[in-house]
């Protein structure tokens, strides 16, 4: 799998959230590298755990700002965020239980979700919040 490359089309126009998204790209890239190097499964589990915790931090920051400025799409974002976190938790449990899960499947899911979510729902809040924050 190719590494994810950040470029300006992923920018929501809010410095803080663009930086968060860049870190998420880097964390997923770390998982891609760990898979390509056939790293110990514990490395992958630990990196996934860090990604999970950072994602919670990021979602909380986004949702807090949206709530503060009364963003109309907040409920949809919260629902989308909860759905992703549930899926990551499910993948984490499957890895911990050594269930049938390929790291490639996990990476496809994570990369696809990050790209789709950043280019989709996140682009909707960008213009709304950008004019209120910066």
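If you go through the range 117-134 and pick out every residue that is part of a helix (DSSP H, G or I) and in contact (Cβ under 8 Å) with a residue 60 or more places away in the chain, you end up with 11. Those residues that are loosely packed, with under 13 Cβ neighbours inside 10 Å and in a helix (DSSP H, G or I), I need them from the range 67-81; list them, please. Matches in the range 67-81: 67, 68, 75, 79.
Restricting the first member to the range 24-52 and to residues that are within 22 Å of residue 62 (Cβ to Cβ), and the second to residues that are part of a loop (DSSP other than H, G, I, E, B), the beta-carbon pairs closer than 7 Å and six or more apart or on different chains are 25/4; 25/6; 28/4; 29/3; 29/4.
Kindly provide the set of residues from the range 27-42 that are part of a helix (DSSP H, G or I) and surrounded by fewer than 15 Cβ atoms within 10 Å (Cβ to Cβ), ordered by number. 33, 36, 41, 42 - these are the residues of the range 27-42 that are part of a helix (DSSP H, G or I) and surrounded by fewer than 15 Cβ atoms within 10 Å (Cβ to Cβ).
A quick yes/no check of all residues on (1) closer than 19 Å to residue 96 by Cα; (2) in contact with a helix residue (DSSP H, G or I) (Cβ under 7 Å, 6 or more places away or on another chain); (3) modelled with pLDDT under 95:
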{"site": "18", "(1), (2), (3)": "no, no, no"}
{"site": "23", "(1), (2), (3)": "no, yes, no"}
{"site": "34", "(1), (2), (3)": "yes, yes, yes"}
{"site": "40", "(1), (2), (3)": "yes, no, yes"}
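Checking each residue in the range 88-116 for being more than 18 Å from residue 1 (Cβ to Cβ) and in a helix (DSSP H, G or I) picks out 89, 90, 92, 93, 94, 96.
Residues of the range 89-134 that are farther than 19 Å from residue 59 by Cβ, within 13 Å of the chain's Cα centre (by Cα) and surrounded by fewer than 17 Cβ atoms within 10 Å (Cβ to Cβ): 108 alone. Looking only at residues of the range 53-62 that are under 21 Å from residue 90 (Cβ atoms) and buried (at least 17 other Cβ atoms within 10 Å of the Cβ), we find that the one that is modelled with the lowest pLDDT is 55.
Checking 24, 4, 84 one by one, the residue that is within 17 Å of the chain's Cα centre (by Cα), buried (at least 16 other Cβ atoms within 10 Å of the Cβ) and within 18 Å of residue 126 (Cβ to Cβ) is 24 and no other. The requirement of being farther than 22 Å from residue 107 by Cα, in contact (Cβ under 8 Å) with a residue 60 or more places away in the chain and assigned to a loop (DSSP other than H, G, I, E, B) is fulfilled nowhere in the range 58-66; no residue meets it.
The values are calculated or read from the model by the stated rules, or taken from the named source; none is laboratory data. Computed from a prediction, not measured in an experiment: that's the story for all the values here. Every residue, glycine as well, gets a Cβ built from its backbone with ideal geometry; the counts of neighbours run over all protein chains shown.
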